[in-house]
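A.B. asks: The structure under discussion is supplied below as structure tokens; questions concerning it will follow.
The values are calculated or read from the model by the stated rules, or taken from the named source; none is laboratory data. Model, not experiment: these values are computed from the prediction. Positions of Cβ are backbone-derived with ideal geometry, glycine not excepted, and every protein chain shown enters the neighbour counts.
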Amino acid sequence: SLVGSEMCIRDRSQGQFGQFPLYAFSSDGIWALQLSDAGLYSSIQPISRDVCNNPDSITQLDSSIVFSTERGLKLLQGSDISLLSSSLEGANIDETFFNVNPDFSDLFIPDTETFVETLRACKIAYDYTNSLLHIYPKGTRKHYVYSLDTGEFSTFVGEEVKAMAQDYPSSVVQIGNAFCLLYTSPSPRD
């Protein structure tokens, strides 16, 4: 039951009023709440026993929601949940494996924790135009980029993002004392 649980709620009602359920992320899983004919949330049904480990990671996409768990980055679409980050599981390799030219050493920031540990204290921004998730770990200039089109991850070294907010179709990020739009030009589509 949701009584007594910690809960973070995300509303999917972007279309017609009551068209999508309200998702409640609680300490014992994810629940879908449906509107009754009277306009009240009356029906509660469990969607998954996956527990979000970082409310800041819950990010609404066009027709789905991403969030972090102790197993990795997950995608909720309807009542289906899939793991997006399985390719990043396991221990990271030692940075001595790479022969990094000293001129580019500032661009090489080794991972000091597993990806799941990174997700516990990250913020996620969605680039609607290019179907990209930008995952900003706390306290580092390096962030991860996930392509929803290809299912691939990459990393980017820039500046540490202090805060961010969704602003369709882009996002606003705070870098130092400046606020910037996270926006990239559209990629060519087939």
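A.B. asks: Please go through region 145-169 and give me each residue that is within 18 Å of Cys180 (Cα to Cα), part of a strand (DSSP E or B), in contact (Cβ under 8 Å) with a residue 12 or more places away in the chain and in contact with a strand residue (DSSP E or B) (Cβ under 7 Å, 6 or more places away or on another chain), ordered by number. Steps first, please.
C.D. replies: Within region 145-169, the subset within 18 Å of Cys180 (Cα to Cα) is 145, 156-169.
Filter once more, keeping what is part of a strand (DSSP E or B): 145, 156-157, 161-167.
In the following step, the residues that additionally are in contact (Cβ under 8 Å) with a residue 12 or more places away in the chain were identified as 145, 156-157, 161-164, 166-167.
Val145, Phe156, Val157, Val161, Lys162, Ala163, Met164, Gln166, listed by residue number.
A.B. asks: If we keep just the residues of region 169-186 that are closer than 16 Å to Val157 by Cα and among the β-branched types (Val, Ile, Thr), which is modelled with the lowest pLDDT?
C.D. replies: Selected residue: Thr184.
A.B. asks: Do we find that Leu83 is within 15 Å of the chain's Cα centre (by Cα) and at pLDDT 90 or above in this structure?
C.D. replies: For Leu83, the condition - within 15 Å of the chain's Cα centre (by Cα) and at pLDDT 90 or above - is met.
A.B. asks: Answer with yes or no whether Asp111 is at pLDDT below 85, assigned to a helix (DSSP H, G or I) and among the acidic types (Asp, Glu).
C.D. replies: Numbers: at pLDDT below 85: yes; assigned to a helix (DSSP H, G or I): no; among the acidic types (Asp, Glu): yes.
Considered against the rule, which asks whether it is at pLDDT below 85, assigned to a helix (DSSP H, G or I) and among the acidic types (Asp, Glu), Asp111 comes out as no.
A.B. asks: Another question, then. Before we move on, is Lys138 at pLDDT 80 or above, surrounded by 17 or more Cβ atoms within 10 Å (Cβ to Cβ) and in contact with an Asp or Glu (Cβ under 9 Å, 6 or more places away or on another chain)?
C.D. replies: no
A.B. asks: Tell me which residues, restricted to region 32-87, are assigned to a loop (DSSP other than H, G, I, E, B), crowded, with 17+ Cβ neighbours inside 10 Å and of a type in the set (D, E, K, R).
C.D. replies: Within region 32-87, just Asp50 meets the criteria.
A.B. asks: Is at least one residue of region 3-19 modelled with pLDDT of 85 or more and closer than 24 Å to Tyr146 by Cβ?
C.D. replies: Initially, region 3-19 is screened for residues modelled with pLDDT of 85 or more, giving none.
No, the conditions are met nowhere in region 3-19.
A.B. asks: Answer yes if at least one residue in region 86-96 is under 15 Å from Thr59 (Cα atoms) and modelled with pLDDT of 85 or more, and no otherwise.
C.D. replies: Step one: of region 86-96, the residues under 15 Å from Thr59 (Cα atoms) are none.
Looking for residues that are under 15 Å from Thr59 (Cα atoms) and modelled with pLDDT of 85 or more, one finds none in region 86-96, hence no.
A.B. asks: Tally time: how many residues in region 119-143 are in contact with a strand residue (DSSP E or B) (Cβ under 6 Å, 6 or more places away or on another chain) and free of Cβ contacts under 8 Å to residues at least 24 places away in the same chain?
C.D. replies: So the count comes out to 2.
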